[in-house]
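Working notes, beginning with the structure itself.
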Amino acid sequence: TVSTAITTSTVSTTTISPGPWSDVRLPTYLVPYHYVVDLQPNLEPDSTGKYWFNGTSEVQFQVANSTRFIYIHSNKLEYDDVYLADESGAAISIAQWWLYDMNQFLIVELDAELVQGQNYSLHTQFKGELADDLTGLYRSTYTDINGKDVIIAISQMQPTDARKSFPCFDEPAFKATFKIFLWHKDPNYALSNMPFVITEERYGGWKRTEFEPTLRMSTYLLAFVVSEFGYEQSFTSGTPPVQVAETRIYARPEQVLNHNVEYAKNITPVILDYYESYFGVDYPLPKSDQIAVPDFALGGMENWGLVMYRETALLFDAAINSAYSKQRVARVIAHELSHQWFGDLITPLWWDELWLNEGFATFIEYIGTDYVEPGFRMMDQFVLYDLHDALTVDALTTSRPIIAENVTTPDDINALFDDISYSKGGCFIRMISEFAGEEAFKLGLKNYLEEFSYGLVDHNQLFSYWEEAILATNPKNNPPENFKADMDTWVNQMGYPVVTMKQNLDNPLMMEVLQERFLLDPKADPTLPESPYNYRWTIPFWYIIEGDTEKSFFWLRKETDLSMVYPNGKYVIGNYEAFGYYRVNYDDANWNAIINQLSRNFSAINVKSRSQIIDDALTLARFVKICYEIALKTTKFLRDDYDFLPWQSALRVLSYLDDMLGRSEAYGCSLKPVPNSQILLVMFKVTNTFQPFFHCPLSMNRQQRGSTINTACSYGSIDCIEHAQTLFHTWMADPSNNTISPNLRDAVYCQAVANGGSDEWDFIWGRYQTEGDSHEKSALQSALACTKQLWIIQRYLEYTLDSTLVRNQDAYSVYVGLCGNDYARDLTWDFLRREWDYIYEVYGSGFFRINSIIEGCTSRFSTEFELKELETFKESRSDQLGTGARSVDQALELTKTNIQWRTDYEDTVFSWLNETMSG
């Protein structure tokens, strides 16, 4: 409720002289401790077709330093009333208040200073648009089983959009408790972070639900839902020391009726129980709701007690969804639930240490998923999905340190949701867990979580607790100088080292172990930008010598290199099992010894190391550290090794060669039309048909089947294409009976569209428009991007401008998919530049989305013409890059290295492939 207010009209921002509010960060002299927020989202449009919500808010704060100004975040809200009261409820006179849109502030100027140490409350009455922009409090639309459009209200606050829902101190350090009230009409009801207290009848069919006060938390973790969703529930175990928590999985009613929430319902309480045991700290809330949202910008969002997901990240139907879809659901749930401790219970002081949230969630998700699904081999897959991604982006001079610099604006903050915070942060934590040992790793986390529960943290506190735990359990594993000094080399400078192990020419009995910064561009200055550590790291180094059964370990100090006894006649493999965040190179003799071992008996080398050897070798060849002849030989053992990890590594790094050679005249004319002369067939041990890959032997991971088919077909296997088309046309002839295996649908759909015409595309498009299962809809959407028909590509691009045809949450992935299609890439790049005003408006402030568009559509650039286009784009759109500014700089750097690579290696690699594949 809002008392009678003393207000003035808002003043135009242009008439307000510059003041301290020009600083984008909030001052620290007002300390909020409690909010009362009352929101009434109207799910019916006004006469102009717009949707709105009304609200009132009260924020109670203490004055740390006397001031005449109150700043509070506000974005896209219109105010009817602003009122200030002291602790007794007496009104405080306001001179004027205004909106300073540049920094998203509501500023209140008082007639007299607020008194230091006193408590006050700021009351506001406001309204905001309930837009479909996926931020703040927004609306989502879906079609129910009766064909009726249904509107719901949901929220996405992270990182800076709570201020779009109500005025608040919208920085993570300003933690407070929140009392929430939400209005709704039947058949809808309301959800928030905490359990409801009571729902009361109000006027005009409205009801108002009151929720229990939250625990002390940051604004970005608030969650609001008004919907008619169904749910299923389960409970955590309740065995000591675990407290009982109710878990509900909410989704559209038909998804609940179809039992697509069952998998999430079953694993959620198991993961929560396991995390409580693993961390040694209880989950503190009485409930843990998970909800699948039709329109959602992210995979998931860790709102405390009410976690939100894109439908593909929470719902699963075993009858029609692939093994990969099931793994994705488990991973995202495990990721978001780990945030209930890392991010929610404890929170970084500022966004520059986002890795303390996302790095932990990235690593812990593998532990949680591995616990509920040990058959997925998640701890092995980390190498594929996070280590390799991080090593790729962090080898650019346009990368950044884990602890970011100069983070002030919302765009700066959104840009931090990148591979460095997530994947590199996760890799760094995984590396620490290995050298610290599980006991010390978990003990340090337990003490850290207990000490700072409901509070704020930075990396220094974490490092202190880990060092204390290592010294108490296994002191020989502590870094040589001290934990902080040595680990700071990893978080306070960008990039990573390549460690070279080579025979000392002056003393052949010794092997030198050297480090240097790794950069993809061999001509880049390795000293720039300047680093306080001169691009030296204190490296935990694992290795194994041929014949050993266990890996060995030493510290490679940042100050000096190291020598060890040369294992004469035996190979040595560094970074064994790929726990280290670095690459390893060898002299030619050692590389050849490793290659020979892989050829003789690949299983003698750990599968994670087999994967890493391929990735290191073919990436180092780009860096001119080894010759391509040696690097390419590291893949030959895959004729016999069908394991998912090395295969995926090989396909990933060899795709770079395909991208670079794909448009060269020689490659296009000489290789593409000859099926038995492809990279794929060098590596696959196959018969005269690709039937075995449609009916895979048990030894092949189910996830690999679709990847295998897609690769085989894309390289021109006639058997593969014909079989895919047969499966697809059987379905077209009987649309109600899709007998294609869920694990093959992505590949079969894509190949049928790629090698078909408008009939196949239109069939998929029709299914896409009516499909209710989110995973199947995603497979159909991906397939639509596989067409080679230019007019269809152009039509599909135009469809993305209409959110009734392609949802805003999905359109950016359409662009990325089309840019991965050689036939569509140029058209898509032209379309994006032409429609950039629209692209920027929809995606410019969202993390991941605009970055994905830029990265996906420029990664294959390798000509001077494309470089010039990209430079012109950056110059002409410099004020419309938003969170994608760094991605554009990285695209420019990668394009230059690609151009150089083609100049240096195109002929060499083409010749090797031609000779090898015809041999």
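When only alpha carbons are used to place a centre, region 132-172 and region 466-480 end up 46 Å from one another.
Which FRET efficiency value, to the nearest 0.05, is calculated for Ala485 and Thr409 with the Förster distance at 45 angstrom and r the Cβ-Cβ distance? Can you show the working numbers first?
Values: r = 32 Å, r/R0 = 0.71.
Taking R0 as 45 Å, the efficiency between Ala485 and Thr409 is 0.90.
Taking the helices alone, the chain has a mean residue ellipticity at 222 nm of -12000 deg cm²/dmol, built from -39,500 (n - 2.57) per DSSP H run of at least 4 residues and averaged over all its residues.
Based on the mean of other beta carbon atoms within 10 Å per residue, what is the order of 775-784, 828-837, most packed first? Present the calculation step by step, with values, prior to reporting the outcome.
Details: 775-784: 22.8, 828-837: 17.0.
Per-residue mean Cβ counts within 10 Å order the peptides as 775-784, 828-837.
A cut-off of 5 Å between modelled amide H atoms, ignoring neighbours fewer than 5 places along the same chain, links His34 with Gln60, Thr177.
Which of rounded, prolate or oblate describes region 69-215 when judged by the alpha-carbon gyration tensor and an a/c cut-off of 1.5? Kindly include the intermediate steps, with their values, before the conclusion.
Details: a/c = 2.16, a/b = 1.71, b/c = 1.27.
Because a/c hits 1.5 or more and a/b exceeds b/c, region 69-215 counts as prolate.
Across the chain, counting alpha-carbon atoms alone, Rg and Dmax equal 28.5, 91 Å.
Sort Leu449, Leu315 by Cβ crowding within 10 Å, fewest neighbours at the top. Intermediate results must be reported in sequence, preceding the final value.
Numbers: Leu449 18, Leu315 27.
Arranged by neighbour count, lowest to highest, Leu449, Leu315 become Leu449, Leu315.
If the segment from Glu438 to Thr872 were pulled out straight at 0.36 nm per residue, it would be longer than the present Cα-Cα gap by 151.1 nm. Pairs from the table (Lys502/Lys633; Lys551/Lys633; Lys476/Lys502; Lys442/Lys476) lying more than 22 angstrom apart at Cα are Lys551/Lys633; Lys476/Lys502.
Each of the peptides 153-164, 224-235 was scored by the mean count of other Cβ atoms within 10 Å over its residues; in descending order, highest first, they stand as 153-164, 224-235.
By count of other Cβ within 10 Å, fewest leading, how are Ile792, Ile539 ordered?
Listing Ile792, Ile539 from fewest to most nearby Cβ atoms yields Ile792, Ile539.
Among Leu356, Leu881, Leu43, the ranking by other beta carbons within 10 Å of each residue's beta carbon, starting with the fewest, stands as Leu43, Leu881, Leu356.
Remark: spin-label model distance Leu349-Met564 equals 3.9 nm, labels positioned 7 Å along the Cα→Cβ axis.
Given contacts defined as C-alpha pairs under 8 Å and at least six residues apart, what's the relative contact order of the chain, whole-number percent? Write out the running numbers ahead of the final one.
On the way: 1768 pairs, mean separation 66.7, N = 919.
Value for the chain: 7 percent.
Angle of helix 774-784 to the longest C-alpha principal axis of the chain, folded into 0 to 90 degrees and rounded to 10: 60°.
Determine, for each peptide in 567-574, 900-907, 742-749, 642-649, the mean count of other beta carbons within 10 angstrom over its residues, then list the peptides with the highest first. Present the calculation step by step, with values, prior to reporting the outcome.
Numbers: 567-574: 17.6, 900-907: 15.9, 742-749: 24.5, 642-649: 22.4.
Highest mean packing first, the order is 742-749, 642-649, 567-574, 900-907.
Strictly over 20 Å apart at the Cα level, which of Lys558/Lys608; Lys523/Lys625; Lys76/Lys179; Lys175/Lys424 would you flag in this model? Exceeds cut-off: Lys558/Lys608; Lys76/Lys179; Lys175/Lys424.
Look at where the Cα atoms of region 715-779 and of region 256-305 average out, and the two centres are 33 Å apart.
Ratio of Rg to Rh for region 400-491: 1.00 [Cα atoms; Kirkwood radius as inverse mean 1/r over pairs]. Indicate, rounded to the nearest 5 percent, the antiparallel portion of the DSSP beta bridges found entirely in the chain. The answer is about 80 percent antiparallel.
Here region 836-891 and region 583-615 have alpha carbon centers that stand 38 Å from each other.
Remark: the chain carries a charge dipole of roughly 1460 debye about the Cα centre, counting +1 on each Lys and Arg Cβ and -1 on each Asp and Glu Cβ.
What the Cβ-Cβ distance of Ala112 and Asp826 gives, at R0 = 60 Å and to the nearest 0.05, is a FRET efficiency of 0.40. Calculated FRET efficiency, Asp802 and Thr199, Cβ-Cβ r, R0 56 Å, to nearest 0.05? That pair, Asp802 with Thr199, gives E of 0.90.
Between Trp836 and Arg600, what length comes free when the chain is fully extended (0.36 nm per residue of separation minus the Cα-Cα distance, one decimal in nm)?
On the way: separation 236, 0.36 × 236 = 84.96 nm, distance 5.40 nm.
Going from the current span to full extension adds 79.6 nm.
Where a number appears in this text, it was derived from the coordinates with a stated rule and is not lab data. Note that the structure is predicted; figures quoted are calculated from it, not measured. Reconstructed Cβ throughout: ideal geometry from the backbone, glycine too, with neighbour counts over all protein chains shown.
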